[in-house]
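Pasting in a structure now, in structure tokens, and then I'll have a few things to ask.
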Amino acid sequence: MKVLGKEDTNQEKKNVNYLTAKEVRRISRENRKTTDEFEKTRERKNVSVDEYTTIMKNNDNLMEVENLHTYFFTDIGIVKSVSGVTFDVPKGKTVGIVGESGCGKSVTSLSIMQLVQRPQGQIVEGQIRFDFDEYIYDLAKIPNEKMQQIRGNEISMIFQEPMTSLNPVFRIGLQVDEVIELHNHGMSKEKIKNRTIEMLDMVGIANSEGVYKMFPHELSGGMRQRVMIAMALSCDPKLIIADEPTTALDVTIQAQIMDLLRNLKNKINSSIMLITHDLGVIAEMADFVVVMYAGKVIEKGTAKEIFHNPLHPYTVGLMASRPKIGGLKAGKLYSIPGSVPNPVDMPDYCYFKDRCNRSMKKCNGAYPPEIYVSDTHMVACYHYLDSEEEKHD
Amino acid sequence: MNSSNGRNEVPIDKVDSLESPNNLKEIKIDENIIESEANLTKDLSDVQRIKVLSPGMLVIKRFIRNQLAIIGLIITVFMFLFSFVGGLITPYGETEVFKYIGTMSKEYASVTLNEEFRYSVAENMEYNPNMHSNFILSRNKGENTFTYKDENYYISEVGKDFYKVFRLNSVAQITYIRGIMGVTPFADFNIDENLNELIKNALINGSFQFYYQNNFYVLTQNGRDYILGESVNVAFESLLITEPANPNTNLGYEFKYILEDTLRNSNLNTFELEGNRYELNEDDNMAVVYKVTSGGKEEYALISQLAIQPISQDVFLSIQFKEEMERAISDEKDMFIYPDEDGNDVEYTISRLNNVYTIKTETKTHLISMHEKPSYQHWLGTDKHGMDVLTRLMYGGRISLVIGFIVVLLETILGVIMGGIAGYFGKWIDMFIMRIVDVFNCIPFLPLMIIIGSVMDSLEVDPKIRIYYLMLILGIMSWPGIARMVRGQILSLREQEFMLAAEATGLSVSRRIFKHLIPNVIPQLIVLASLGLGGIILYESTLSFLGLGVKFPYASWGNIISGVTTAYEMTNFWFVWIPAGMLILLTVLGFNFVGDGLRDAFDPKMKR
Amino acid sequence: MTERANGIPNIYKHKNEVEDYVIEVKNLKKYYPVSSGLFAKVKANVKAVDDVSFNIKRGTTMGLVGESGCGKTTIGKTILKLTDKTEGKIFFEGIDIHELNRKELRKIRPKIQIIFQDPYSSLSPRMPVGEIIGEAVRDNKLISADKYDDYISQIMLDCGLQVYHKERYPHEFSGGQRQRICIARALALNPDFIVCDEPVSALDVSIQAQIINLLKELQDKYNLTYLFISHDLSVVEYISDTVGVMYLGNLVEYSDKETIFSNPLHPYTKALFSAIPVSDPEIKTERIILEGSIPSPANPPSGCKFHTRCNYCMDICKVEIPEMVEVENGHMTACHLYHKKQT
């Protein structure tokens, strides 16, 4: 029976795995229909300001992402990269978004910047409220030309790969100058240069005058990342999105950059959205932590809450599966079985259920609701449903 | 059935999700359930949960999304159908020449007054044009002998512009001393009394020439003796021309001689020869000879000073026709009517140039349908050889495509081998092969082809074999591009970790090359080959256009265009060159689109 | 286990009576010539590996730590003879593998295997998984044809793959599973020694632990010896028995795991250890931040290569290259700070 079952599996798996031409056509047709509709709305001219003006729920927040859904209409089906993400970025604080590859953390940041590759990628639902002091806009609905002014001015980004983020044919100074000039129209050339050198000094580049005249290839990875940070800071943004800023760097350089970011955090009044898979980096940098899994926020809270009292089995497992220096010396390292699911055609139950070591009967039901165990600490797991009910009672 | 990762301890409470072999069988039958099949495998981290596109489907998908590539594919498929299937469907052959029967004013005969002597040779005699010219010379000088090859020939004027040419046969030696004559005949020559008497008289009279029994005799002194020479007719020369009424009749020397003789004798108009009676009917310029038989008389020959000659060898002019014509000429008419074999009246026109009259008539002939305008029979008309342009285009496409494919195959094989060796072994081998590639890239292709083309022209290479040579040369000249690409690709693949791993596992070199390297180069090869195909077709067309490639009678798009060379042909016979040009353009465009589409489809960076 | 690769001439054999070392690296140097100009004149050498020696005992794991460009990957490749050495000797079970001819090398190849960092580029994309794993087994005739299928299935199950995966192509697998395929490919050849070149760096955190556990399990089961190359100190600490720290082609510190982690001696090791982020927002460790970036290996600093970034830099460091000295039992380091203590 077992052998037979195995064989059946083999056969069945083989058949299931590839989409048939018919299915592919159907998916393409449906995708085109949906994306065309979204594009039509996007391409409209003269969208009235009322349509994307909104109000903040909490005035201490710089940005409030609410129920954000970003889908990719791909050939194999709808990839729900971000499905129902809600989190706040308070003014002047650092929010760390942590998760494994494909969990939707990068897509979230791209959605905020409106850099999701269209027409495949679309923000389907949700709001991204952003406080621009005089007005509050919903970035999910803002028209392109308006967004262009916001990008780089109000929100700037630091990328993972400092090698490719700088244009190799222009001098460093020129590239930073350009950003400053864009932000400060009518500033004299002399002043711009001074400001650039000031910025380079600020990110800890010792020979700032020299670096001003250098080409990107003359700099090491760490130096380039510093230049990128200087560029991001130079227009005095309200929000800096740092997408894995240290992943490509060596350990000692990573320490330098993290040290720099931590120092800058206190100097500037921008909020930082730090995206990384490294819990260590998050722990050192972030005030608030958002843990994402398969396009959903499974746990969020202050750094202290998350690291001292992780609730979701995934967060717990993630922390346990990192060997700690001076920690476990022998025996088996804790590991979460299975792998990160591909966010296509997700079922309506806890996405982590199959890998979870604490799954219960209840877990087969609908996707668990957001459960607040404290004012700031949210977890999406049935294990804590009771505690919330108790609290409410 | 176990879930794939063996973690089936997860409780499953929904009955419909329980997977039993029975359920699976049902699923296979019912299509609607297949939709929800993904949900049957409950484990989210299982790769099998999601259906993905197979690599082939992924390529197809990207390809289909590229509209230009699809256009290119349609063009390419059309070209294939057009060339390979079209050639089978078309009712005409590749080199079938189309003709039509049309009337045409054609020279029929020419008439001129003969002013040259013509000769008739007696049976078993030798008389050639040299002797004829000697005769002319002697006659003009007024001499009556000429010598040809140590032999004396005698001319005797029989009538006006009628000469007999004869030579002497020594028949006897005659000794004559003081009235006593001794005759010693040679061989079996028989000298009768009369002849004896005549010789004697001649010797006495000192006139050395006499006639006897239609023969002419001459005495020539040879020392103290005389040699008696009997005349033998060699030929006669006359300005008149005798032609038989029936082309199969051979008139013979005797007949002609007697005829001429009779004609000049104004008293006579009949003569007899070999038991037949002939009658003459004289006109101004000619005389008709009738053979009198028991049933009456029939036309037998015509004698005239007019040289009447049909233009075509196979036309025989009847005597009546000639008479009619002669009458028309002498009446200075410019046309006459004469019935043809079927009894229909045919009009003949006469035109004169100097002494030559030319008779023209509207004759029916097979004409080649050159540059015929497009019609129902020939959708794109015909070319200058009278061949159907559409059919030629189909066969031309066949040759162009076949050449394209074979050349690309050849250059790919060469390129992969050379590039593969260079890329895999590196070091000096790479250096060496790449320098060869450089040298090949430096060879000026077109001049070389022109030289090779003209060499093949002078060697008169068969057009069919020429096509093979063309393929070979194009293949040899174009492999460096492929080799360069393959080398580059292999150099980068060689540094890939899977190649290092393959080396570390101790796989043999050949296995590493053929199982690991080459399969990874194939997508790029396909792209390059399809792009190259367009280029080769263009090259072939260019060469054929210049007359260096595919030669007539084989069709190729290039040489179809080269059939049009003048501005007149270009403007008036657009249906010959525009379709061929369009086909070249479309095919090359099609292959390039397909190649570009394939490149984008194979390129994993083109994630869309 | 099949028999040892036989037919290796004895002259290359190097006896070591004291310890059962699987790998002995003696004064290994690997220079890459930097040539310039038309006629390839050697201008300088990139000293990727500069005089490195270490031994690995059977059944143990040596961790090799260092930043990018320090030459740790080059050591791995040189041990496998995927690149040629410049100087020095590498003994595998007493056989100097760089002295072997092509035929002998092919025989010994299956015994030494490698697992790469990038599970995407290390699998031939146009081959089914079963073929990737079994190809070399068949090519080297390690197993009889009738047992072949079962053998490959067993190896796949050992590495956490399913038997039906045999027919699949690599692109259908996630990173973690690809790395399992890489491990299976190496394991199928029944090696004694595996070089793990950053095998978990490209993987997600939750998958890293699975792979590390797998490597450990397999080591216990088959008595494997590993050279574990990584820049991730916490992973190295977990898996290794001995640890070597490299900086710009030099081994700067080498000891057993417990000693080196409890008492790092070399200033670079110290800085490296303190740079690891701690997953606790409350603990704010005083961190040794190294100034500047790693110098180019084509033009390394004189004397001790680390002196440009060292917090304890002395005059002697700029001139003299420090030698490897044994500070305590088995704990070696190359730093002038400890030379003084000794003398």
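Among the listed residues A:303, A:320, which satisfies the condition of being open to solvent by 10 Å² or more (accessible area, probe 1.4 Å), away from chain B (no Cβ under 14 Å), of a type in the set (A, V, I, L, M) and in contact (Cβ under 8 Å) with a residue 12 or more places away in the chain?
A:320
Identify, please: which residue in the stretch B:491-501 is more than 7 Å from chain C (Cβ to nearest Cβ) and within 19 Å of residue C:120 (Cβ to Cβ) and is, among those, most open to solvent (accessible area, probe 1.4 Å)?
Of everything passing the filter in the stretch B:491-501, B:495 is most open to solvent (accessible area, probe 1.4 Å).
Identify, please: which residue in the stretch A:280-291 is in contact with a strand residue (DSSP E or B) (Cβ under 6 Å, 6 or more places away or on another chain) and of a type outside the set (D, E, K, R) and is, among those, farthest from the other protein chains (Cβ to nearest Cβ)?
Filtering first and then ranking leaves A:290.
Condition test on residue A:97, is it surrounded by 20 or more Cβ atoms within 10 Å (Cβ to Cβ), in a strand (DSSP E or B) and either within 14 Å of another protein chain (Cβ to nearest Cβ) or at pLDDT 90 or above (or both)?
Taking the combined requirement at face value, the residue satisfies it.
Search the stretch A:223-246 for residues being open to solvent by 30 Å² or more (accessible area, probe 1.4 Å) and more than 14 Å from every other protein chain (Cβ to nearest Cβ), and hand back the single one that is farthest from residue A:278 (Cα to Cα).
Checked the stretch A:223-246; the qualifying residue farthest from residue A:278 (Cα to Cα) is A:236.
When you scan the stretch B:489-599 for helices (runs of 4 or more DSSP H) that lie fully inside it, which ones turn up with 3 or more residues that are among the hydroxyl-bearing types (Ser, Thr, Tyr)?
B:518-545
Let me ask something additional. Does the stretch B:444-467 include one or more residues that are open to solvent by 30 Å² or more (accessible area, probe 1.4 Å), more than 32 Å from the chain's Cα centre (by Cα) and over 21 Å from residue B:404 (Cβ atoms)?
Taking every residue of the stretch B:444-467 in turn, at least one turns out to be open to solvent by 30 Å² or more (accessible area, probe 1.4 Å), more than 32 Å from the chain's Cα centre (by Cα) and over 21 Å from residue B:404 (Cβ atoms).
Can you tell me how many residues in the stretch A:132-142 are more than 13 Å from residue A:112 (Cα to Cα) and not β-branched (Val, Ile, Thr)?
Total meeting the criteria: 4.
Something else now. What number of residues within the stretch C:152-174 satisfy the criterion of being open to solvent by 10 Å² or more (accessible area, probe 1.4 Å), within 24 Å of residue B:520 (Cβ to Cβ) and under 26 Å from the mean Cα position of the chain (by Cα)?
Here the count works out to 2.
Out of all the residues in the stretch B:164-189, which are in contact with a strand residue (DSSP E or B) (Cβ under 9 Å, 6 or more places away or on another chain) and farther than 28 Å from residue B:150 by Cβ?
Those that are in contact with a strand residue (DSSP E or B) (Cβ under 9 Å, 6 or more places away or on another chain) and farther than 28 Å from residue B:150 by Cβ: B:181, B:182.
Another one. Run residue B:238 past the list (1) modelled with pLDDT under 80; (2) out of contact with any Ser or Thr (no Cβ under 7 Å at 6 or more places or on another chain) and report the number of the one that doesn't hold.
(1)
Hey, another quick one. Any idea which of C:272, C:337, C:290 is of a type in the set (A, V, I, L, M), part of a helix (DSSP H, G or I) and facing another protein chain (nearest Cβ under 9 Å)?
Only one candidate passes the filter, namely C:272.
Of the numbered conditions (1) at pLDDT below 85; (2) open to solvent by 20 Å² or more (accessible area, probe 1.4 Å), residue A:252 fails exactly one; give the number of that condition.
(2)
Is there a residue in the stretch B:226-247 that is open to solvent by 60 Å² or more (accessible area, probe 1.4 Å) and outside the structural domain of residue B:145 (by TED's automatic domain parsing)?
Yes: the stretch B:226-247 contains one or more residues that are open to solvent by 60 Å² or more (accessible area, probe 1.4 Å) and outside the structural domain of residue B:145 (by TED's automatic domain parsing).
Can you go through B:395, B:376 and tell me which one is at pLDDT 80 or above and farther than 26 Å from residue B:591 by Cβ?
B:376
Among the residues of the stretch A:42-64, count how many are surrounded by fewer than 11 Cβ atoms within 10 Å (Cβ to Cβ) and of a type in the set (Ser, Thr, Tyr).
Residues flagged as surrounded by fewer than 11 Cβ atoms within 10 Å (Cβ to Cβ) and of a type in the set (Ser, Thr, Tyr) within the stretch A:42-64 amount to 1.
For the stretch A:211-222, which residues satisfy the criterion of being part of a helix (DSSP H, G or I) and either farther than 13 Å from residue A:248 by Cβ or more than 10 Å from chain C (Cβ to nearest Cβ) (or both)?
Scanning the stretch A:211-222 gives A:211, A:212, A:216, A:217, A:218.
In the stretch B:63-103, how many residues are touching a Phe, Trp or Tyr at 6+ places or on another chain (Cβ under 9 Å), outside any helix (DSSP H, G or I) and among the β-branched types (Val, Ile, Thr)?
Matching residues across the stretch B:63-103 total 2.
Something else now. Given the structure, is residue B:589 more than 14 Å from chain C (Cβ to nearest Cβ), within 39 Å of the chain's Cα centre (by Cα) and of a type in the set (A, V, I, L, M, F, W, C)?
yes
In this structure, does residue A:81 turn out to be outside any strand (DSSP E or B), modelled with pLDDT of 85 or more, open to solvent by less than 30 Å² (accessible area, probe 1.4 Å) and of a type in the set (Gly, Ala, Ser)?
no
Sticking with this one: Given (1) over 18 Å from residue B:555 (Cβ atoms); (2) open to solvent by 10 Å² or more (accessible area, probe 1.4 Å), identify the lone condition not met by residue B:483.
It is condition (2) that residue B:483 fails.
List every residue pair whose Cβ atoms sit under 7 Å apart, with the two residues 6 or more apart in sequence or on different chains, where the first one lies in the stretch C:136-163 and is within 13 Å of chain B (Cβ to nearest Cβ) and farther than 22 Å from residue A:339 by Cβ and the second, anywhere, is open to solvent by 50 Å² or more (accessible area, probe 1.4 Å) and of a type in the set (D, E, K, R).
Close Cβ pairs (under 7 Å, with a partner that is open to solvent by 50 Å² or more (accessible area, probe 1.4 Å) and of a type in the set (D, E, K, R)) do not exist here.
Every residue in the stretch C:164-185 that is at pLDDT 85 or above and either in a loop (DSSP other than H, G, I, E, B) or away from chain A (no Cβ under 14 Å) (or both), please.
Answer for the stretch C:164-185, where residues must be at pLDDT 85 or above and either in a loop (DSSP other than H, G, I, E, B) or away from chain A (no Cβ under 14 Å) (or both): C:182, C:183, C:184, C:185.
When you look at residue B:421, is it free of Cβ contacts under 8 Å to residues at least 24 places away in the same chain, part of a helix (DSSP H, G or I) and either open to solvent by less than 50 Å² (accessible area, probe 1.4 Å) or closer than 30 Å to residue B:510 by Cα (or both), yes or no?
yes
Could you look through the stretch B:199-211, keep only residues that are over 15 Å from residue B:222 (Cα atoms) and surrounded by 15 or more Cβ atoms within 10 Å (Cβ to Cβ), and pick out the one that is nearest to the chain's Cα centre (by Cα)?
Only one residue tops the list, namely B:210.
Okay, residues lined up against (1) touching a helix residue (DSSP H, G or I) at 6+ places or on another chain (Cβ under 9 Å); (2) under 16 Å from residue C:193 (Cβ atoms); (3) of a type in the set (Gly, Ala, Ser):
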site	(1), (2), (3)
C:214	yes, no, no
C:228	yes, yes, no
C:231	yes, no, no
C:239	yes, yes, no
C:242	yes, yes, no
C:248	no, no, no
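Could we say that residue B:428 is assigned to a helix (DSSP H, G or I) and either within 30 Å of residue B:570 (Cα to Cα) or at pLDDT below 90 (or both) here?
Judged against the criteria, residue B:428 is a match.
Of all residues being closer than 21 Å to residue C:116 by Cα and touching a helix residue (DSSP H, G or I) at 6+ places or on another chain (Cβ under 6 Å) in the stretch B:514-533, which is surrounded by the fewest Cβ atoms within 10 Å (Cβ to Cβ)? Just the residue, please.
B:520
The values are calculated or read from the model by the stated rules, or taken from the named source; none is laboratory data. In this text, all values refer to a predicted model and were calculated from it rather than measured experimentally. Cβ atoms come from the backbone with ideal geometry, glycine included; neighbour counts cover every protein chain shown. Side chains are part of the model used for accessible areas, which takes the heavy atoms of the whole protein and leaves out ligands, DNA and RNA. Shrake-Rupley method; radii C 1.70, N 1.55, O 1.52, S 1.80 Å.
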